[in-house]
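The values are calculated or read from the model by the stated rules, or taken from the named source; none is laboratory data. A quick note: this is a predicted structure, and the numbers were derived from the prediction, not measured. Heads up, the Cβs are rebuilt from the backbone with ideal geometry, glycines too, and the neighbour counts pull from every protein chain shown.
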Amino acid sequence: MTDSSIPQRDRRLVRLSLQIASGIATLAITLLGLLLITFIIGRVVPIDPVLAIVGERATPEQMQAVRDSLGLDLPFWQQFGIYVWDALHLDLGNSIRTGRSVSEDVARYFPATLELATLGTIFGTLIGVPAGVLAATRPGSISDQIVRLVGLMGYSMPVFWLGLIGLLVFYGKLDWVAGPGRLDPAFSMQMEFQLTQYTGMVLIDSALNGAWDVFRNAFSHIILPAGLLGYVSMAYISRMTRSFMMNELSQEYITTARVKGMPEWRVIWVHAMKNVMVPLITVIALSYAYLLEGSVLTETIFAWPGLGSYITDALFAADMPAVLGGTVVVGVVFVTINMLSDIIYRLVDPRARA
Amino acid sequence: MSTLTAWLTDPNPSSRRQAKLGQMWLAWLRIRRNRLAMAGLVIVALLLIAAAFAPWLAPHDPYMQDLSRRLLPPGTPGNLLGTDDFGRDILSRILYGSRITLYIVALVAVTAPVLGLLVGTVAGYFGGWVDAVLMRITDIFLAFPRLILALALVAVLGPGVENAVLAIALTAWPPYARVARAETLTVRNSDYIAAVRLQGASAPRIIAGHVVPMCLPSVIIRVTLDMAGVILIAAGLGFLGLGVQPPLPEWGLMISSGRQYLFEHWWVSTMPGLAIFIVSLGFNLLGDGLRDVLDPRSSGK
C-alpha cells in the first residue's frame, strides 16, 4: 500500500512543478508581448525621439551622435532585443519632461497609486462581500434588488463624473473631507522634510513616524477617492459574491448541514464561505489590478500624484518614454497580480491542485 | 393577432423560419417579464430616438453661443437644463451628443466583435499550435490595462473620434475571442460539423457558415454588456481631451469643460454626466436581461 502511494505523490509533485514551469513560461511570453507592443507603439509614434532630445537647433553631427546612442540605425529586431534587455535591467529610458529615468519616476509615483488602490479594494471587499452574501441568501427580496441595482449603477457610473460630484458635495458644500491632493501644503512639507519616508505611502509613513495629525490629514484626503474606487470594486465584488454564494447554497452539503440543525450563520459564513472564498480570491485580485489601472481618471480629478497622473501628464507633454514606460509597469503589475491570484487559487483549492 | 400568436407558439412548426420566429417570440415574452431589462430597453430606445430626431427635439442650435446667457441655472425658461460657459443650451448639446455616443458605440460594436469572432473561431476550430499562438496573443492584449493601452494608442494616432474608436476596438476584442473560442470548442466535434466536413466544405466555409452562428448569441450578450464600458471609456478619453475634440458636444468633453465652474455652476458638469450614467445603465440592464433570457446556463438560477 505504501509502495503505491509514494509514486503517486511523486507524480503529483512532478505535475505541480510542470504547472509552475508552464505558468512562468506563460508569464514570460506575456511580458515579452507587452514589451513588443509598447516597442511598436514607440516606433510608429510621429514624434522624432532624436529631435525631442537634442532640440531644433542641433547640428547634424549632434543628431547623429544621439541616433547612435539610441541605436536607431540598428535592425528592428536588434533594437527590440536591446529594449527588452534594458527593460529587464529596469531601464525604461529617460523621461523627456522630468529629465529623470522613467524607473526612478515610477518608483516615486507608484506608492501613491498603490495606496489608493489598496484602500479602495479594502473598502470594496468589506462592503461587497457581505452585500453579495445578503443578496444571495434572500434572492428576489428587496435587499437583493437593492444590492443588484447599486451594483449595476457602479458598473454604469463614469468614475470621473462621480468624483467631481463627490468633490462638489463633500468638499465644496459640506466640507467634510479635504480637497484634491494627498496632503495639505503644510503637512506635505512636514512629510517631505521632517519625517522618515519608509514606503512612500503617506498613511503608513505618518503612522510609523507617529505623526498622527499628518495621518488624519492624509486620511481626510484619501477617503473620497478611495471610497470612489471602493464603490466601483464593490459593484463587481458584490455581484460575483452573490452568484458564487447562490451556486454554493444549492449544493447538497448545505442541505445536509441545515438538516443537521446547524445555525444558518454557520452554514453560510463557515461552510459555504469556505468554497466561495476560492473563486472570490481571483475576483478580488482582478478588481485590485483593475483599480491600479483604472485610477488614471480618478487621479486626474483628485490631483493625486500617482502613476495614472504621471502617464496622462506625460501624454500631454508628448513624453513617449514616460508614457510607454508607465504602461509597461502597469502591465507588469497587472500580469503579476493575475499570476499570483492563480497561484493562491491552486494553493487554496484542492481540486485545482490535483 | 391571436392567429399570429398561435402561429408563433405552434409546437409543430412547419418551417425553419416559423421555428426561429417562435423561439424569438418566447424569448421576448421572457424578457418582457423582466422589469429591469425592459427599463434598459426603454433607455436604449430613447437614446436611439434622441439621436435620430435631435434636430427636431433640441430647442436650440447646440453650437450657437450667446455670451449674454452664459451659465444660466437649470429651469431657466428656454434652457431647461441651463447653459454652459459659452451660453450654449445644455439640453440641446446633450441631445446632439447622443449622436456621437451612438456613433462610437456602433463603430466599436461592428469592429471589435468581428475581430474577436475571427480570432476565437479560428483558434478553436483548428486547435493545436494555431490555437496556442492566437490565444497567447489574446492573453497579451487581455493583460494590457485597457484604458492605458487606449491612451497610449491615442497618443500615437492623435486625438479624434475615429482614433478613439480604433483604440477602444483594439482593446475590446480579446474577451470576444475568448467567448467565441469556448463556444467553438463545444461544437467543433459535434456530428453536424463532421457531416458538413464530409460533404467537402472548406474550413473557412464551415467556420463562417456553421461555427460563427453558434457563437453569435453569447457574443451579442457580451456586446450589449460591453457597450456600457465602451461608453465610459469613450467619455473618459473625451474628458481627458484625447477623444472627440471641441466644439463637438461629446458628453465626456462637456463634463471636462464644466469642471472649472464646478463649485459655482454645478450643472455644467453634472447634466452630461447624468446622461452618460443613464445610457450606460440602460445598456447594462438590457445586457443583464438578455443574458438571463438567451443564455440557458444562467437562466436556471
Take region A:304-327 and flag every residue that is buried (at least 24 other Cβ atoms within 10 Å of the Cβ), more than 10 Å from every other protein chain (Cβ to nearest Cβ) and either within 19 Å of A:Leu34 (Cα to Cα) or of a type in the set (Ser, Thr, Tyr) (or both). A:Tyr310, A:Ala322, A:Gly325
Total residues in region A:162-205, condition modelled with pLDDT of 85 or more and buried (at least 17 other Cβ atoms within 10 Å of the Cβ): 8
Just to be sure before I move on: is A:Ala58 surrounded by 13 or more Cβ atoms within 10 Å (Cβ to Cβ) and modelled with pLDDT under 80 in the structure I sent? yes
Residue pairs within 7 Å by beta carbon, gap of at least six or interchain, first lying in region A:11-28 and in contact (Cβ under 8 Å) with a residue 24 or more places away in the chain and under 19 Å from B:Ala143 (Cβ atoms), second among the aliphatic types (A, V, I, L, M) and surrounded by 10 or more Cβ atoms within 10 Å (Cβ to Cβ), listed first then second, are A:Gly23/A:Met339; A:Leu27/A:Val335; A:Leu27/A:Met339
Over region B:77-113, the set of residues assigned to a helix (DSSP H, G or I), β-branched (Val, Ile, Thr) and buried (at least 21 other Cβ atoms within 10 Å of the Cβ) is B:Ile90, B:Ile94, B:Ile100, B:Thr101, B:Ile104, B:Val105, B:Val108
Just the residues that are at the interface with chain B (Cβ under 10 Å from one of its Cβ atoms) and touching a Ser or Thr at 6+ places or on another chain (Cβ under 8 Å), please, taken from region A:264-303. A:Tyr290, A:Leu292, A:Ser295, A:Val296, A:Thr300
Tell me yes or no: at least one residue of region B:171-192 is aromatic (Phe, Trp, Tyr), more than 30 Å from B:Ile278 (Cα to Cα) and free of Cβ contacts under 8 Å to residues at least 60 places away in the same chain. yes
Every residue in region B:230-261 that is buried (at least 19 other Cβ atoms within 10 Å of the Cβ) and free of Cβ contacts under 8 Å to residues at least 40 places away in the same chain, please. B:Phe239, B:Gly252, B:Leu253, B:Ile255, B:Ser256
Have a look at A:Pro158, A:Pro139, A:Pro185 and point out the one that is more than 10 Å from chain B (Cβ to nearest Cβ) and either of a type outside the set (Gly, Ala, Ser) or on the phi < 0 side of the Ramachandran plot (or both). A:Pro185
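Residue by residue, here is whether (1) outside any helix (DSSP H, G or I); (2) within 11 Å of chain A (Cβ to nearest Cβ) holds:
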{"site": "B:Arg197", "(1), (2)": "no, no"}
{"site": "B:Ala201", "(1), (2)": "yes, no"}
{"site": "B:Ile221", "(1), (2)": "no, no"}
{"site": "B:Leu242", "(1), (2)": "yes, yes"}
{"site": "B:Gln245", "(1), (2)": "yes, no"}
{"site": "B:Leu274", "(1), (2)": "no, yes"}
{"site": "B:Val279", "(1), (2)": "no, yes"}
{"site": "B:Phe283", "(1), (2)": "no, yes"}
{"site": "B:Arg291", "(1), (2)": "no, no"}
Which is more than 12 Å from every other protein chain (Cβ to nearest Cβ) and either touching a Cys at 6+ places or on another chain (Cβ under 6 Å) or part of a helix (DSSP H, G or I) (or both), of A:Ile337, A:Ile344? A:Ile344
In the set A:Ile127, A:Ile122, which member is more than 14 Å from chain B (Cβ to nearest Cβ), over 18 Å from the mean Cα position of the chain (by Cα) and at pLDDT 90 or above? A:Ile127
Anything in region B:212-226 that is in contact with a Ser or Thr (Cβ under 8 Å, 6 or more places away or on another chain) and surrounded by fewer than 24 Cβ atoms within 10 Å (Cβ to Cβ)? List them, or say none. B:Val212, B:Met214
Verdict on A:Ile268 being over 22 Å from B:Leu149 (Cα atoms), more than 18 Å from the chain's Cα centre (by Cα) and surrounded by 15 or more Cβ atoms within 10 Å (Cβ to Cβ): yes
Only one of B:Leu225, B:Leu185 that is in a helix (DSSP H, G or I) and under 19 Å from the mean Cα position of the chain (by Cα): B:Leu225
Among B:Ile231, B:Ile207, which is closer than 30 Å to B:Gly273 by Cβ and of a type in the set (Val, Ile, Thr)? B:Ile231
In region A:92-124, anything closer than 19 Å to A:Val333 by Cα, among the small types (Gly, Ala, Ser) and crowded, with 23+ Cβ neighbours inside 10 Å is listed as A:Ala112, A:Ala117, A:Gly120
Near pairs, Cβ below 6 angstrom, 6+ apart or cross-chain, from region B:94-114 (over 15 Å from B:Phe283 (Cβ atoms)) to any residue that is among the acidic types (Asp, Glu) and crowded, with 18+ Cβ neighbours inside 10 Å: B:Gly97/B:Glu250; B:Ile100/B:Glu250
All but one of (1) over 30 Å from B:Asn284 (Cα atoms); (2) exposed (fewer than 14 other Cβ atoms within 10 Å of the Cβ); (3) not basic (Lys, Arg) hold for B:Leu72, so report the exception by its number. (2)
The number of residues in region B:165-195 that are closer than 25 Å to B:Gln245 by Cβ and either within 14 Å of another protein chain (Cβ to nearest Cβ) or at pLDDT below 85 (or both) is 4
Cβ-Cβ below 9 Å, separation at least six or inter-chain, first residue in region B:140-159 and at the interface with chain A (Cβ under 7 Å from one of its Cβ atoms) and closer than 13 Å to B:Gly241 by Cα, second in a helix (DSSP H, G or I) and among the hydroxyl-bearing types (Ser, Thr, Tyr): which pairs? B:Leu151/A:Thr312; B:Leu151/A:Thr327
Going by the structure shown, is A:Phe244 under 28 Å from A:Pro130 (Cα atoms), assigned to a helix (DSSP H, G or I) and aromatic (Phe, Trp, Tyr)? yes
